[in-house]
Amino acid sequence: MSSINFPLLLVIAVAVSGLLALFDLLFLARRRQAAVASYRQGVAQVDEAVVERLNKEPLLVEYGKSFFPVLAIVLVLRSFLVEPFQIPSGSMKPTLEIGDFILVNKFAYGIRLPVVDSKIIEIGQPARGDVMVFRYPSDPRINYIKRVVGLPGDTVRYTSERRLYVNDQLVSEMLLGDEPGSLGSVRLFTEQLGEVEHHIRKEMRRYRVEPGREWRVPAGHYFLMGDNRDNSNDSRYWNDAHIPVQLRGMVPDDHIVGKAFAIWMSWPDPKLRNLPNFSRVGLIH
């Protein structure tokens, strides 16, 4: 997902437009009113065109006052309620496809201040199986989306046979069949994580098999994986040297953006040459 700090840009835009509107209210509007009053007192016949010109707002102020309410509403909606994202990669296939436009619930896990992301109101906690948007621990400017597998205190194990265990319990999965068009090289499964039943994707022809590994999820952190199990840069592979060993692969609570809950449009063409489609609109499981 995009690394542009849009929340910061939005906050700056709201602040600038709001300050312009406030400056006009406190100072410039009074000057215009005084100029109009002085003109009316100094002439016998009032020319309304002159009055209109004296009372006209500066262009910058006019733009600021026009944009401020719209930007303020967008800031509130995006920061505290719902934020849109576009899926840029196939790491969550088959649940999410490249080009899906999704909606993220920003208050599901608590109310956070924009830009600084400090939680000010506790509402809920991520649950196993949730599809979550978060800031990539190695580069917080980048947003990632994965599925919550391990909660604080959990032990997660992923074997060389590509089976998932949580707290020594095998996560159940059921074969659905071959992915259409894959000629048997990709299989789809139904997986049950907590209360959530969803689909995952596994490639049957791999060049190498990862050795089995186990992780202990520290307090205040989460372990996440993509549904496209063999093509996902997730908690299994993050190994940045500047992060303490026991926290590598983990997503801290203060990096959480929100819970993805719906697809509202799909536009897979990155150059937007084709029309969007709405065949995938629906809730995310």
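The values are calculated or read from the model by the stated rules, or taken from the named source; none is laboratory data. These numbers were taken from a predicted model, which means no experiment stands behind them. For neighbour counting, all protein chains shown are included, and Cβ atoms are generated from backbone atoms with ideal geometry for every residue, glycine included.
Taken over region 191-227, the criterion of being among the charged types (D, E, K, R), part of a loop (DSSP other than H, G, I, E, B) and crowded, with 18+ Cβ neighbours inside 10 Å is satisfied by 227 alone. Pick from region 101-130 the residues that are β-branched (Val, Ile, Thr), part of a strand (DSSP E or B) and more than 14 Å from the chain's Cα centre (by Cα): which of them is nearest to residue 258 (Cα to Cα)? My answer is 111.
Report yes if some residue within region 234-244 is more than 15 Å from residue 87 (Cα to Cα), assigned to a strand (DSSP E or B) and not aliphatic (A, V, I, L, M); otherwise report no. Scanning region 234-244 turns up no residue that is more than 15 Å from residue 87 (Cα to Cα), assigned to a strand (DSSP E or B) and not aliphatic (A, V, I, L, M). So which residues in region 238-285 are of a type in the set (Lys, Arg) and closer than 21 Å to residue 132 by Cα? Result: 248, 259, 280. Residues that are free of Cβ contacts under 8 Å to residues at least 24 places away in the same chain, surrounded by 17 or more Cβ atoms within 10 Å (Cβ to Cβ) and of a type in the set (A, V, I, L, M) do not occur anywhere in region 3-15. Going through (1) surrounded by fewer than 19 Cβ atoms within 10 Å (Cβ to Cβ); (2) part of a helix (DSSP H, G or I) one by one, residue 68 falls short only on (1).
Yes/no per residue for (1) over 29 Å from residue 113 (Cβ atoms); (2) touching a Ser or Thr at 6+ places or on another chain (Cβ under 8 Å):
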site	(1), (2)
228	yes, yes
233	no, yes
239	yes, no
246	no, no
250	no, yes
258	no, no
268	yes, no
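Consider region 142-173 and keep the residues that are outside any loop (DSSP other than H, G, I, E, B), modelled with pLDDT of 95 or more and of a type in the set (S, T, N, Q). The one that is farthest from residue 88 (Cα to Cα) is 169.
Can you tell me how many residues in region 113-137 are small (Gly, Ala, Ser) and surrounded by fewer than 15 Cβ atoms within 10 Å (Cβ to Cβ)? I'd like the intermediate steps shown before the answer.
Taking region 113-137 first, the residues small (Gly, Ala, Ser) are 118, 124, 127, 129.
With the extra rule that they be surrounded by fewer than 15 Cβ atoms within 10 Å (Cβ to Cβ), the set shrinks to 118, 124.
Residues meeting the conditions: 2.
Taking region 82-100 as the search range and keeping residues that are surrounded by fewer than 18 Cβ atoms within 10 Å (Cβ to Cβ) and in a strand (DSSP E or B), which one is nearest to the chain's Cα centre (by Cα)?
Restricting to residues being surrounded by fewer than 18 Cβ atoms within 10 Å (Cβ to Cβ) and in a strand (DSSP E or B), the top hit is 84.
Which residues, taken from region 153-191, are over 23 Å from residue 224 (Cβ atoms) and in the same structural domain as residue 219 (by TED's automatic domain parsing)? None - no residue of region 153-191 is over 23 Å from residue 224 (Cβ atoms) and in the same structural domain as residue 219 (by TED's automatic domain parsing), so the list stays empty. Selection within region 18-62: residues that are at pLDDT 90 or above and among the aromatic types (Phe, Trp, Tyr). The member of this set that is nearest to residue 112 (Cα to Cα) is 23.
Among the candidates 263, 256, which residue alone is closer than 14 Å to residue 146 by Cα, β-branched (Val, Ile, Thr) and touching a strand residue (DSSP E or B) at 6+ places or on another chain (Cβ under 8 Å)?
Details: 263 fails: closer than 14 Å to residue 146 by Cα.
After ruling out the rest, the residue left standing is 256.
For the structure I just gave you, tell me whether residue 254 is surrounded by 14 or more Cβ atoms within 10 Å (Cβ to Cβ) and not in a loop (DSSP other than H, G, I, E, B). So residue 254 passes the test. Only one of the listed residues (176, 188, 183) is at pLDDT 95 or above, over 29 Å from residue 255 (Cα atoms) and surrounded by fewer than 16 Cβ atoms within 10 Å (Cβ to Cβ). That residue is 176. For region 151-173, a residue qualifies if it is within 30 Å of the chain's Cα centre (by Cα) and among the aliphatic types (A, V, I, L, M), and the qualifying residues are 151, 156, 164, 166, 171.
Hey, can you tell me all the residues within region 257-283 that are β-branched (Val, Ile, Thr), at pLDDT below 95 and surrounded by 14 or more Cβ atoms within 10 Å (Cβ to Cβ)?
The answer is 257, and nothing else.
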